[in-house]
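Worksheet: one structure, shown below.
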Ligand code: UD1
Ligand code: CA
């Protein structure tokens with residue numbers, strides 16, 4: 001039997017989430033690169049419901065904006081006062097016309113990010129198989145504190161859900177809990193919602209009371225226990241947010257390892273849901289892969305890397321590097337201590353070494369920036385070498401300008417390239433040069449201030465200092481005693497410096 005298409009999924013997200021103590025609404029708090037709400041929407045996506053409704057209330061502008069930005073197929077429904085989960089579902093159903101009584105409505109809380117699509121599909125199938133009016137997703141927990149308890153009759157039939165705050169000790173001892181996830185047949189749901197009261201400990205209209213109402217009307221109610229009770233985990237505070245993040249991290253890292261990624265230290269490897277890893281990649285400890293990052297086969301990333309929306313090519317090695325919005329080509333060697341800022345695009349076999357920062361930089365195949373450099377708004381041609389300490393001075397205080405380096409260029413150490421400027425193919429610059437004018441192909445550009453050496457200056461101007469003594473070989477005031485120069489001479493086999 002093919003899976004029926006629900007008329008609507010209703011995500012409950014109007015509550016304030018006071019216990020987060022945050023200006024950000026609870027459902028917009030993030031783990032593994034997505035908001036809690038986005039995780040829930042991803043779990044219900046395989047149901048392919050005709051409508052996805054998110055009930056918003058508290059901080060609705062923020063939630064509506066987030067939903068509009070990320071998932072255009074979702075419509076917000078405003079619940080002005082948060083008078084309970086039953087009231088929220090009533091508000092949602094009032095907002096949509098044309099749901100037929102025999103159609104299905106799925107309800108999920110917005111704060112259960114660990115739910116999976118497979119579970120949602122199985123729940124829907126169980127509802128159809130059991131021919132029920134309502135099917136509750138339940139979980140058996142060793143500590144059921146805080147959740148609604150599932151009351152079953154002698155034959156195991158579901159009769160009611162009782163909230164923690166309304167439970168007597170016998171009920172509170174029940175370990176099967178309501179996850180807050182349900183499939184309802186629309187007709188009986190709409191009917192039962194009309195008879196909810198606020199006669200309970202919290203003075204709210206409980207959606208959970210629908211179950212008791214349906215049972216009393218002799219409607220069939222089914223329960224579908226979770227294989228993995230951890231999927232029911234609801235996030236109410238930041239301790240639970242971290243716990244959910246860790247569970248999600250474990251799931252993602254485990255899936256990556258099963259799919260062929262070596263993860264040396266799973267507990268310090270954090271991978272967002274949308275990251276793509278090819279088989280035969282290796283992740284070393286303390287690696288954070290965010291957003292749409294992709295890592296190709298045989299690449300090694302880590303230790304200590306944070307890559308955001310970055311592509312790593314096959315066979316590349318990236319260590320102790322922070323990168324964002326960048327593309328690292330195949331067989332590149334990046335790091336340690338390298339910062340790739342947005343718009344960095346390096347080709348095949350490029351080397352970016354220690355203390356190199358790049359931004360809006362295109363570096364062609366085989367080029368090298370081995371150490372200590374700032375490369376901003378730059379194009380570097382194939383096989384060119386950028387000497388240690390080079391600065392691409394791209395900012396004149398008002399605007400940014402580009403530097404274009406040709407192929408097979410050698411930029412001497414400590415060159416300042418004052419943009420806009422071009423260095424032609426095969427050209428050289430001398431060490432310590434400030435390059436303000438274009439350099440033609442094959443030329444050497446040097447800015448020489450000639451070196452001046454004043455002999456005997458230390459003896460005259462810094463008499464009695466260690467330097468003066470060292471210069472005369474008079475170490476620690478003992479004339480004639482040999483010092484470092486002698487030992488260097490010994491090491492190099494040469495005469496005294
Ligand atoms: C609810 C269930 C409980 C279940 C638990 C699972 C009820 C009465 N209780 O309790 O049986 O074990 O979820 O996590 O349903 N919301 C609205 N509008 C409202 C009230 C709540 O949209 O007027 C939203 C909240 O933002 C939240 C969700 O509904 O996303 C659940 O509400 P919450 O107050 O967290 O219910 P629990 O006490 O956790
Ligand atoms: Ca909750």
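The values are calculated or read from the model by the stated rules, or taken from the named source; none is laboratory data. Note that the coordinates shown come from a computational prediction; the quantities given were computed from them, not determined experimentally. Because the Cβ atoms are built from the backbone with ideal geometry, glycine has one as well, and the counts that use them run over all protein chains shown.
Pick out the one residue from 239, 221, 300 that is in contact with a strand residue (DSSP E or B) (Cβ under 7 Å, 6 or more places away or on another chain) and either under 20 Å from residue 317 (Cα atoms) or surrounded by fewer than 21 Cβ atoms within 10 Å (Cβ to Cβ) (or both).
300
For the subset of the range 165-185 comprising residues that are more than 12 Å from ligand 1 (Cβ to nearest atom) and closer than 22 Å to residue 131 by Cα, which member is farthest from the chain's Cα centre (by Cα)?
Applying the filter and picking the extreme gives 185.
Any residue in the range 414-425 that is outside any strand (DSSP E or B), within 19 Å of residue 344 (Cα to Cα) and at pLDDT 95 or above?
yes
Could you please let me know if residue 320 is under 20 Å from residue 369 (Cβ atoms) and without any contact (Cβ under 8 Å) to a residue 24 or more places away in the chain?
yes
For residues in the range 10-32 being in contact with a helix residue (DSSP H, G or I) (Cβ under 7 Å, 6 or more places away or on another chain) and part of a strand (DSSP E or B), which is nearest to residue 309 (Cα to Cα)?
Looking at residues that are in contact with a helix residue (DSSP H, G or I) (Cβ under 7 Å, 6 or more places away or on another chain) and part of a strand (DSSP E or B), I get 31.
Does the range 33-41 include one or more residues that are away from ligand 2 (no atom under 16 Å from the Cβ), assigned to a strand (DSSP E or B) and at negative phi?
Checked the range 33-41: at least one residue is away from ligand 2 (no atom under 16 Å from the Cβ), assigned to a strand (DSSP E or B) and at negative phi.
Going through the range 208-226 one residue at a time, which ones are farther than 14 Å from residue 164 by Cα, in contact (Cβ under 8 Å) with a residue 24 or more places away in the chain and assigned to a loop (DSSP other than H, G, I, E, B)?
217, 219, 220, 226 - these are the residues of the range 208-226 that are farther than 14 Å from residue 164 by Cα, in contact (Cβ under 8 Å) with a residue 24 or more places away in the chain and assigned to a loop (DSSP other than H, G, I, E, B).
What about residue 216, is it away from ligand 1 (no atom under 14 Å from the Cβ), surrounded by fewer than 20 Cβ atoms within 10 Å (Cβ to Cβ) and within 20 Å of residue 149 (Cβ to Cβ)?
Judged against the criteria, residue 216 is a match.
Take the range 56-83 and flag every residue that is assigned to a loop (DSSP other than H, G, I, E, B) and surrounded by 22 or more Cβ atoms within 10 Å (Cβ to Cβ).
79
Counting only residues that are crowded, with 19+ Cβ neighbours inside 10 Å and farther than 16 Å from residue 323 by Cα, which one in the range 270-283 is farthest from the chain's Cα centre (by Cα)?
Filtering the range 270-283 for residues that are crowded, with 19+ Cβ neighbours inside 10 Å and farther than 16 Å from residue 323 by Cα, the one farthest from the chain's Cα centre (by Cα) comes out as 281.
Going by what's in this entry, would residue 53 be described as outside any loop (DSSP other than H, G, I, E, B), closer than 27 Å to residue 118 by Cβ, touching a helix residue (DSSP H, G or I) at 6+ places or on another chain (Cβ under 7 Å) and within 16 Å of ligand 2 (Cβ to nearest atom)?
In short, no.
Would it be correct to say that residue 37 is outside the structural domain of residue 267 (by TED's automatic domain parsing), within 30 Å of residue 309 (Cα to Cα) and within 12 Å of ligand 1 (Cβ to nearest atom)?
So residue 37 fits the description; yes.
Across the range 73-92, which residue is farthest from ligand 2 (Cβ to nearest atom) among those that are farther than 15 Å from residue 60 by Cβ and in contact with a strand residue (DSSP E or B) (Cβ under 7 Å, 6 or more places away or on another chain)?
Filtering first and then ranking leaves 73.
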